[in-house]
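Student: So that we are looking at the same thing, I have put the structure below in structure tokens.
The values are calculated or read from the model by the stated rules, or taken from the named source; none is laboratory data. Predicted model only: the values in this text are computed from it and were never measured. Methodologically, a virtual Cβ is constructed for each residue, glycine included, from the backbone with ideal geometry; neighbour enumeration extends over all protein chains shown. SASA here: full protein model, heavy atoms, side chains in, ligands and nucleic acids out. Shrake-Rupley method; radii C 1.70, N 1.55, O 1.52, S 1.80 Å.
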Amino acid sequence: MNTVFSLWSSQKGRNLIVQLLMVAGFLGLVWWLVDNTVANLARQNVATGFGFLENNTGFDINQKLIAYDESSSYQRLLLVGLLNTAIVSVLGIFFATLIGFMVGLARLSDNWLVSKLAFLYVEIFRNLPLLIQILFWYVLLIEILPHPRNSFALGDMFFLNNRGLYLPWFTSLSGGNIVLWAIALFGVGWFFVSRQAQKRRELTGQKSSYTRHYFILGVIALAGYLSLWGVPFEPNLPALKGFNFRGGLSFTPEFVALLVALSLYTASFIAEIVRAGVLCVAKGQFEAAKALGLPTNVAMNKVIIPQAMRVIIPPLTSQYLNLTKNSSLAAAIAYPELVSVFAGTALNQTGQAVEIIFITMSIYLFLSLLTSFLMNIYNARVALVEK
């Protein structure tokens, strides 16, 4: 008791006690909610637990990146939905960033027509609800694109029709996975070698031959493997068989419509972020670059954009998070992402709403925290360091 009174007599002690009480109250609230939920479910004879993840789903999915069929488990279904969410989010972030930067810089163009067209793009896509845009692009793809027999073709390898987009791909043979893993490890090694070479150039002013030697070594190793064991891949081209295309890499109209809508919608916000970031850089910086004789594109890439990134990155991170979470609207066009197939179909079949919603929320929380973590690392690299 004397210890408590001695702690309460100091400001730090009072702060510690208040924080401990708040943590205890929060944990007590969580315990009460869990206990009350379990008791209510038991009283209604509703099954609880995560054992349902091992049961068979009994239905198939048309868009999947890994093997899946009717006999697969709900755990496999969860992975399929997560991968579908991840691929549309990653590609959406890439295209939204690319379009957003181009439109944002176009808004600052001295060309009146280019500037006004960029302004018109931002005002249209930013002020239309995302769900309406998703439905618009989906209906547009279904109604305007031709049937498979009249597909738009490019070189007999790329096909676009109202059944989806079909691209050439490859089939991995014996030893193919080893080559893919080796290439991935080579890419990771290339990243670290490039960083070391850049640090040496910044410290000494001398160019390093590390990256060139590393690249030559990788090419020699790959050429040696292929000469001894042959190419462990074979082309897999899409071809019309019956009423639809088979083979290759295919993307459904739902995926294409969702990707286009997410990219264009998010790009309109990114464009304004880029424009604001560039305007935050003092005009004297651009004038000084021009006084040194730097071309406009070099001045933007080497002087203006690096300084603007310090302002752009924090709100850009929020747009990446929004894009990932907005992908859940794909349920409106039946794209089999996480919410549609797991928090929708799986929930209706199993009835275990608490577990499924908890898993879905945890996954979106993890994706958001991972995105924030990666963007914070990049933000720390471009931040202005004061000495």
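Student: Let me know the shape class of the stretch 278-387, please: from the alpha-carbon gyration tensor, a ≥ b ≥ c as square roots of the eigenvalues, rounded when a/c is under 1.5, otherwise prolate if a/b is greater than b/c, or oblate.
Tutor: Numbers: a/c = 5.55, a/b = 2.94, b/c = 1.89.
Note, shape of the stretch 278-387 comes out prolate.
Student: Something else now. Among 23, 179, 90, determine the one that fluctuates most according to a GNM of the chain built with springs between C-alpha atoms less than 10 Å apart.
Tutor: Its mean-square fluctuation being the largest, the pick is 23.
Student: Would you mind calculating the gained length between residue 194 and residue 143 on full extension (0.36 nm times residue separation, minus the Cα-Cα distance), in nm to one decimal?
Tutor: Result for the pair: 13.5 nm of gain on full extension.
Student: Could the peptides 144-155, 303-314 be put in order, highest first, of the mean number of other beta-carbon atoms found within 10 Å of their residues?
Tutor: The packing order, highest mean first, is 303-314, 144-155.
Student: Which order do 76, 246 take when ranked by solvent-accessible area (1.4 Å probe, heavy atoms of all protein chains), largest first?
Tutor: Descending order: 246, 76.
Student: Oh, and also: Expressed as a rounded percentage, what relative contact order does the stretch 238-387 have, with Cα pairs under 8 Å and six or more residues apart?
Tutor: 23 percent
Student: Now, a different point. Under 10 Å, Cα contacts only: if you run a Gaussian network model on the chain, which one of 226, 91, 237 comes out with the highest mean-square fluctuation?
Tutor: Per the Cα network of the chain with a 10 Å cutoff, 226 tops the list.
Student: Taking square-rooted eigenvalues a ≥ b ≥ c of the alpha carbon gyration tensor, is the chain rounded, prolate or oblate, where a/c under 1.5 means rounded and, failing that, a/b exceeding b/c means prolate?
Tutor: Cα axes put the chain in the rounded bin.
Student: Considering the dipole of the chain built from charges on the beta carbon (Lys and Arg +1, Asp and Glu -1) around the Cα centre, which of 364, 319, 31 is farthest to its positive end?
Tutor: Of the candidates, 319 comes out farthest on the positive side.
Student: Give me the percent of accessible area attributable to carbon and sulfur for the stretch 111-267, probe 1.4 angstrom.
Tutor: 68 percent
Student: How large is the charge dipole for the stretch 266-387, taken about the Cα centre, if only the Cβ atoms of Lys, Arg (+1) and Asp, Glu (-1) carry charge, to the nearest 20 debye?
Tutor: It works out to roughly 560 debye.
Student: Considering only protein heavy atoms, what is the solvent-accessible area of residue 254 at a probe of 1.4 Å, reported in Å² to the nearest 10?
Tutor: Its heavy atoms expose roughly 30 Å² to the probe.
Student: Then there's this: Determine the distance separating the Cα centre of the stretch 29-106 from the Cα centre of the stretch 254-325; give it in Å without decimals.
Tutor: 32 Å
Student: Per the helix-only calculation at 222 nm, which mean residue ellipticity applies to the chain, given -39500 (n - 2.57) for every DSSP H run of n ≥ 4 and division by its residues, nearest 500 deg cm²/dmol? The partial results should precede the final answer.
Tutor: Numbers: 13 runs with 250 residues, N = 387.
The per-residue figure over the chain is -22000 deg cm²/dmol.
Student: While we're on this one: Please give the per residue accessible area of the chain, computed with a probe of 1.4 Å over protein heavy atoms only, in Å².
Tutor: Per-residue value: 62 Å².
Student: Continuing with the same structure: So for the stretch 1-159, averaging the separation of alpha carbon pairs under 8 Å that are six or more residues apart and normalising by length, what relative contact order in percent results?
Tutor: About 8 percent, as a whole number.
Student: Toward the positive end of the charge dipole of the chain, about the Cα centre and with charges on Cβ (Lys, Arg +1; Asp, Glu -1), which of 92, 151, 74 goes farthest?
Tutor: Of the listed residues, the answer is 92.
Student: Would you mind working out the magnitude of the charge dipole of the chain relative to its Cα centre, with +1 at each Lys and Arg C-beta and -1 at each Asp and Glu C-beta, to the nearest 20 Debye?
Tutor: Charge dipole, the chain, about its Cα centre: 1480 debye, nearest 20.
Student: Loop-only check: which chymotrypsin sites (Phe, Trp or Tyr not before Pro) in the stretch 21-56 are DSSP coil with at most 16 other Cβ within 10 angstrom?
Tutor: Sites meeting the loop and neighbour criteria: 50.
Student: I want to check a number: in the chain, how many lysine pairs have alpha carbons closer than 20 Å, given a sequence separation of 8 or more or different chains?
Tutor: Numbers: 64/325; 199/207; 199/302; 199/387; 207/302; 283/302; 290/302.
Number of lysine pairs found: 7.
Student: Also: Taking only C-alpha pairs under 8 Å that are 6+ residues apart, what is the relative contact order of the stretch 4-94 in percent?
Tutor: Rounded, it is 15 percent for the stretch 4-94.
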